[in-house]
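The values are calculated or read from the model by the stated rules, or taken from the named source; none is laboratory data. The structure displayed is predicted, hence computed values, not measured ones. Neighbour counts are summed over all protein chains in view; Cβ atoms, including those assigned to glycine, are modelled from backbone coordinates with ideal geometry.
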């Protein structure tokens, strides 16, 4: 899944039991990674991609749910997010720092089309040869939630789980105080200018233009691609969202980043049970109204604590 | 007949001892100046080495291939040395920031929890080259060397001159040297070109104490001046430590070290080298290093070299993990903090042919900082017995693992 993973929980049944629970969480995270990674030959995602334009692939309920959720996100963003954006990764290489030409992007854009994904009768079918689905945009947050559900099923009432920057909390820190989650500064690596405080079941996710990115001639190119144009989204450097689950938070953080400063903030403001903060590429911090109860930003309930 | 046998055995033992002195790498690694003097006149050689270095917690990782070329041009023309290296550096380094959250959220980001310190990712490459030339003049072996290294944000250039002066009928050597470096620091954050100067001097003496023992005592002094800050480090100010100032250090530093080395070789293809180093500087850092290296030849062609190294240092006078208010000089760089480390390693060398040998080695280092903090105290509504205890942490805490593989060819 990339990045680091941390599972912390409070339990009084002894070290052996705690280690058993931690191992089961780890194996669940590995199961999801193996099942949905597009980099693994045997994953269900690779199988769907291999059969693009050829035949529908039978999938289980979990896979069908993730694909449908990704397609829901497509609708939420007016097509800017698209799980079939995988085809564009053939022309975007963020390690080499090469900017593709308009012609290269235009040639691959027809293969980016969520409308050509069929999910009938517990099958998934990419109707055009060469299409590639990528569930990385929702899979990591799903793994965080699954880990949290597993902890709850084990009777844990105070825990925090984070995989590669996405967070899910259960209960409090063990001493009654809220969990404190630092939010990364998109332009100053290693700095966390403010933090979010949550108690209870909450998911926190951040989408940003600073991972898998490069700057060329003063322009930043990053991996969150607007599927309608084939080019990276512009205007928002980082979107952090708090929701009931990490999965929901991840969907809305991606959507907000893709929609841009105004439409992104509006989406977060108007969606019930979702709060968020956008940091624009000019450095402005735009928070939804409810963030005043959830952060230590200036003027908020937790300021200077 | 028996007398002849004893003479032959004694002669063989003498030959073996001479061979051991010549071949065992602890001598080649340089017990004082005798190593350099003995090396001159040996065959030319090419050494290749690849080092892999990995710090724990996703910190710095280095892949460092190097080539050492030594060409013996004969007594009249001396000896030429060339070292070329290329490092690929990646990973993360603590910024000096204070861990003030349980965890952090970022885009596919690096994990930062309450017990891990904020880190910044970085990636760099470093090209380095050094050229040396030495030639014997009677009892003297003067050497001159120049070096150049280039990173994305750092350029280093240095000139060194030294002399090995054999005295006491070959049983002692005075070695002295001077080095001058003119570096340029070019932080990627501000695109400035900031000068840094290093002038160093060293003086030492090596004794041959009979057939089996060597002692070397040397002292060195280095004066640094110019831009000595770390442009990528920050310093937490106030409580809870979320506000930061840039790292700022004095613009001069005087470093002094005394090194004592003792080498002993045993009958039976074994040798021991013990090194003690005392270091201090005018930033109030004092350090002690004790290293023990043991060579054991096995069978005919194998050499096994275990090593142990213990290190401890005090912190700089202007170091702190967090400051209540700004000061003239301040740094939260863990490298300037009080810390201890222990290193264990093993190298195995195999002689493949008369001119070719291969070696493979590894080290494991455990480092622990003594400036320990409890980032977010867990106390409050429940009593202390019931509250989960937060562990203390230091940005200096880490383990380091290295693997080195090399091939040496003499010609």
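Values computed for the structure shown
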item: Residue match in segment A:3-14 (condition: surrounded by fewer than 17 Cβ atoms within 10 Å (Cβ to Cβ), within 27 Å of residue A:133 (Cβ to Cβ) and either away from chain B (no Cβ under 14 Å) or free of Cβ contacts under 8 Å to residues at least 24 places away in the same chain (or both)); result: no
item: Selection count where residues are closer than 28 Å to residue A:118 by Cα and either part of a loop (DSSP other than H, G, I, E, B) or touching a strand residue (DSSP E or B) at 6+ places or on another chain (Cβ under 6 Å) (or both), scope segment A:1-49; result: 11
item: Identity of the residue in segment B:169-178, assigned to a strand (DSSP E or B) and without any contact (Cβ under 8 Å) to a residue 40 or more places away in the chain, that ends up surrounded by the most Cβ atoms within 10 Å (Cβ to Cβ); result: B:177
item: Some residue of segment B:201-221 being within 14 Å of chain A (Cβ to nearest Cβ) and within 22 Å of the chain's Cα centre (by Cα); result: no
item: Search result, residues across segment A:134-155 that are modelled with pLDDT of 90 or more and either within 7 Å of chain B (Cβ to nearest Cβ) or out of contact with any helix residue (DSSP H, G or I) (no Cβ under 7 Å at 6 or more places or on another chain) (or both); result: A:148, A:149, A:152, A:153, A:155
item: Filter result (surrounded by fewer than 18 Cβ atoms within 10 Å (Cβ to Cβ) and not in a loop (DSSP other than H, G, I, E, B)) within segment B:182-199; result: B:182, B:184, B:194, B:195, B:197, B:199
item: Scope segment A:166-185; condition crowded, with 21+ Cβ neighbours inside 10 Å and within 8 Å of chain B (Cβ to nearest Cβ); matching residues; result: A:166, A:167, A:173, A:174, A:179, A:180, A:181, A:182, A:183, A:184
item: Options A:124, A:99, A:161: the member that is within 11 Å of another protein chain (Cβ to nearest Cβ), modelled with pLDDT of 90 or more and either within 23 Å of the chain's Cα centre (by Cα) or surrounded by fewer than 20 Cβ atoms within 10 Å (Cβ to Cβ) (or both); result: A:161
item: Test: residue in segment B:112-134 that is free of Cβ contacts under 8 Å to residues at least 24 places away in the same chain and under 30 Å from residue A:189 (Cβ atoms); result: yes
item: Residue in segment A:239-260 that is over 30 Å from residue A:108 (Cβ atoms), part of a strand (DSSP E or B) and more than 19 Å from the chain's Cα centre (by Cα) present; result: no
item: Any strands (runs of 3 or more DSSP E) falling wholly within segment B:27-123 and containing at least 2 residues that are buried (at least 20 other Cβ atoms within 10 Å of the Cβ) and modelled with pLDDT under 95; result: B:79-94, B:103-105
item: Criterion (over 16 Å from residue A:81 (Cβ atoms), in contact (Cβ under 8 Å) with a residue 40 or more places away in the chain and not in a strand (DSSP E or B)) met by exactly one of A:283, A:230; result: A:283
